[in-house]
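**Q** Please find one structure pasted underneath; my questions will follow.
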Amino acid sequence: MLAKLIVQAASEGSELITLRAIVEEASELGAERVLVRLNLGDERAQNDIDELRELLAAWRSAKSSAWKAVVEWVVRGAMALLLVGIAVRLGVAEMFR
């Protein structure tokens, strides 16, 4: 829509540089409004964003570690079952009687 308006204004005699300046100003004002609505429009906003990124990184790390632990336990359980099966097959229980 914006591109069409720029083409229309250019064909009707408006200067392209003026239109670009209007678009840039409107974009900056819109971005500032969004930041204020999200409570990120003050000087503490960068610290808040940094803390959120650290929290997200910690969450991802914890999630990865949890999956690795689950996989390790599943593999250990499978190996234990395999060893018990081999022991039963070889009759190790009868050797101790």
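**Q** Among the listed residues Leu55, Leu35, Leu83, Leu40, which satisfies the condition of being part of a loop (DSSP other than H, G, I, E, B), surrounded by 10 or more Cβ atoms within 10 Å (Cβ to Cβ) and out of contact with any helix residue (DSSP H, G or I) (no Cβ under 6 Å at 6 or more places or on another chain)? If you could, list the steps in order and put the result at the bottom.
**A** Working: Leu55 fails: part of a loop (DSSP other than H, G, I, E, B); Leu35 fails: part of a loop (DSSP other than H, G, I, E, B); Leu83 fails: part of a loop (DSSP other than H, G, I, E, B).
Going through Leu55, Leu35, Leu83, Leu40 in turn, just one is part of a loop (DSSP other than H, G, I, E, B), surrounded by 10 or more Cβ atoms within 10 Å (Cβ to Cβ) and out of contact with any helix residue (DSSP H, G or I) (no Cβ under 6 Å at 6 or more places or on another chain): Leu40.
**Q** Note down all Cβ pairs under 8 Å where the first residue falls in region 85-97 and is among the hydrophobic types (A, V, I, L, M, F, W, C), the second is assigned to a loop (DSSP other than H, G, I, E, B), and they're at least six residues apart or on different chains.
**A** Hits for this filter: zero, empty list.
Bear in mind that the values in this text are calculations on the coordinates, not laboratory data. Values in this document were obtained by computation on a predicted structure and should not be read as measured data. Glycine gets a Cβ as well: all are built from the backbone with ideal geometry, and neighbour counts include every protein chain shown.
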